[in-house]
1. How much of the DSSP bridge set in the chain is antiparallel, in percent, rounded to the nearest 5?
2. Placing unit charges on C-beta atoms (Lys and Arg positive, Asp and Glu negative, everything else neutral), compute the dipole magnitude of the stretch 1-96 about its Cα centre in debye, rounded to 20.
3. Given points 7 Å out from each Cα along the Cα-Cβ axis, report the Ala168 to Ala103 separation in nanometres with one decimal.
4. Pick from Glu116, Glu195, Glu131: which residue has the top mean-square fluctuation in a GNM of the chain where Cα pairs under 10 Å get a spring?
5. I need two numbers for the chain: Rg to one decimal and Dmax as a whole number, Cα atoms only, in Å.
6. Taking all protein chains in place and a 1.4 Å probe, what share, in percent, of the accessible surface of the chain do carbon and sulfur account for?
7. Excluding ligands, DNA and RNA, what is the solvent-accessible area per residue of the chain at a probe of 1.4 Å, expressed in Å²?
8. Where nothing but the Cβ of Lys and Arg (+1) and of Asp and Glu (-1) is charged, how large is the charge dipole of the chain around its Cα centre, in debye to the nearest 20?
Amino acid sequence: MFRVGLTGGIGAGKTAVSDRFARLGVPVIDTDQIARALTAPGGSALPAIREAFGSALFDASGLLDRAALRHRVFGDAGARRQLEAILHPLIRAEAEREMRAAAGPYQILVIPLLIETGTWRDQVQRVLVVECPESVRIERVMARNGLTRTEVEAIVATQASDAQRRDAADDIVVNAEEADSLDASVKQLHAQYLELARQPPVCGTGL
């Protein structure tokens with residue numbers, strides 16, 4: 001199966017792009033959505049998070065305080081690595097299950113930390129980076145999540161730089177455009193990926 005890894009910094013508009021691929025009939029496996037399900041009420045990651053970080057991050061009904069957890073891990077690199085060690089194997093296992101179950105001419109795999117972790121590169125044949133100026137991304141996340149500028153900047157600081165993402169990209173789509181322009185960009189990429197997906201695998205590569 002031909003797969004495209006879609007990535008970009010926080011607030012770049014990865015969902016805006018992946019939603020457009022979905023409307024074109026392309027299966028989308030979103031690791032952010034998987035992570036949210038794992039940490040939702042009844043999610044399979046909650047027991048390990050409670051054990052690692054304590055009950056203070058949970059309310060009386062057992063609901064995880066995501067804001068408190070975010071504040072904890074983005075202010076402490078060790079705590080962030082601890083959380084990643086809990087979540088990443090679970091996310092990977094569920095993503096692989098969804099990839100096996102999905103049909104379609106090719107698949108979009110949304111991986112916000114594709115560049116940072118390096119552990120997903122073997123799952124995709126092409127990397128699509130969603131770009132947007134950092135100042136715009138910060139404003140978007142502040143408005144969307146109710147975070148302060150300092151909080152958003154702390155998250156941005158843990159992620160790959162724009163230059164690092166460009167170096168890893170096979171394709172780039174800019175999401176600081178009008179909706180019609182973004183539609184056109186995605187349709188052009190869709191046609192390109194359909195053609196690539198039709199090509200036979202390269203001998204000896206598994207692709």
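1. Numbers: 1 of 16 bridges.
If I count the DSSP bridges inside the chain, around 5 percent turn out antiparallel.
2. 240 debye
3. 3.2 nm
4. Glu195
5. Over the chain's Cα set, Rg and Dmax evaluate to 17.8, 57 Å.
6. Numbers: 5570 of 10680 Å².
Summing carbon and sulfur atoms, their accessible area is 52 percent of the total for the chain.
7. Details: 10680 Å² over 207 residues.
Per-residue value: 52 Å².
8. Values: 24 positive and 27 negative charges, 82 e Å.
With Lys and Arg at +1 and Asp and Glu at -1, about 400 debye.
The values are calculated or read from the model by the stated rules, or taken from the named source; none is laboratory data. What you see is a predicted model; the values in this text were computed from it and never measured. No Cβ is skipped: glycine too gets one built from the backbone with ideal geometry, and neighbour counts run over all protein chains shown. Ligands, DNA and RNA are stripped out before the accessible areas are found, and what is left, the full protein with its side chains, is counted by its heavy atoms. Shrake-Rupley method; radii C 1.70, N 1.55, O 1.52, S 1.80 Å.
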